[in-house]
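The values are calculated or read from the model by the stated rules, or taken from the named source; none is laboratory data. Just so we're clear, the structure is a prediction, and the values are computed from it rather than from any experiment. Virtual Cβ from ideal backbone geometry, glycine too; neighbours counted across all protein chains shown.
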């Protein structure tokens, strides 16, 4: 009973902190995960817990990645929402997570959205990067870039930055794009992959037939 009452109190705190006079994030994101991350940013900002929440979420993300059992529990559609919500809130207390972090976990569980946890965490990390003046950029290539190519690409990407911003690049290899690259920088997305061009030409041919 105590756990249920605690969950109710924390949920109300999160809701009131995130819905009244929202603190606008430094970057606008879209989608369901963005709404949770934006509400979390607003609540954590009001509670002066921005950095602690990010630290909590990064640690949780690493734990879920390493712990298969926990990963399956978080994404399972079978486990009762209320049971999972209470279990997560209790775990958050033991791990000394910030109240805003605990609220997020409880609300995601209550709403049956725990499978979105990974993307919510990534969205919050993107918001926090912007908060620090960092512009997050993901580069996807069919094969790893060599040092010369990476330096040349970084130089080109820095032209998107403002004077008070810094660039934070993450690279990912995806052979399915065949060649070229896909770049996501801030709220901009550019697909220069061969796979996208092949699809474009295929669509043109099919429509002309």
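So if I check each of 45, 15, which one is on the phi < 0 side of the Ramachandran plot and modelled with pLDDT under 75?
Sole residue among the options that is on the phi < 0 side of the Ramachandran plot and modelled with pLDDT under 75: 15.
Applying the selection to region 158-172, what residues are closer than 17 Å to residue 125 by Cα and not in a loop (DSSP other than H, G, I, E, B)?
Listed by number, the residues that qualify are 166, 167, 168, 169, 170, 171.
I'm checking my understanding of the structure. Among residues of region 157-166 that are surrounded by 10 or more Cβ atoms within 10 Å (Cβ to Cβ) and within 24 Å of residue 196 (Cβ to Cβ), which one is modelled with the lowest pLDDT?
Per the criteria, the residue is 160.
Kindly provide the set of residues from region 90-105 that are buried (at least 22 other Cβ atoms within 10 Å of the Cβ) and in a helix (DSSP H, G or I), ordered by number.
Of everything in region 90-105, those that are buried (at least 22 other Cβ atoms within 10 Å of the Cβ) and in a helix (DSSP H, G or I) turn out to be 100, 101, 102, 103, 104, 105.
Suppose the filter is in the same structural domain as residue 34 (by TED's automatic domain parsing), farther than 18 Å from residue 27 by Cα and assigned to a helix (DSSP H, G or I); does residue 155 pass it?
The answer is no for residue 155.
Which residue is surrounded by the most Cβ atoms within 10 Å (Cβ to Cβ), if the candidates are limited to region 106-151 and must be outside any loop (DSSP other than H, G, I, E, B) and without any contact (Cβ under 8 Å) to a residue 24 or more places away in the chain?
150
Scan region 73-87 residue by residue and report those that are in a helix (DSSP H, G or I) and more than 19 Å from the chain's Cα centre (by Cα).
73, 81, 82, 83, 84, 85, 86, 87
So which residues in region 173-184 are assigned to a strand (DSSP E or B) and modelled with pLDDT of 90 or more?
173, 181, 182, 183
Determine whether residue 55 is surrounded by fewer than 22 Cβ atoms within 10 Å (Cβ to Cβ), touching a helix residue (DSSP H, G or I) at 6+ places or on another chain (Cβ under 8 Å) and modelled with pLDDT of 90 or more.
When the stated conditions are applied, residue 55 does not pass them.
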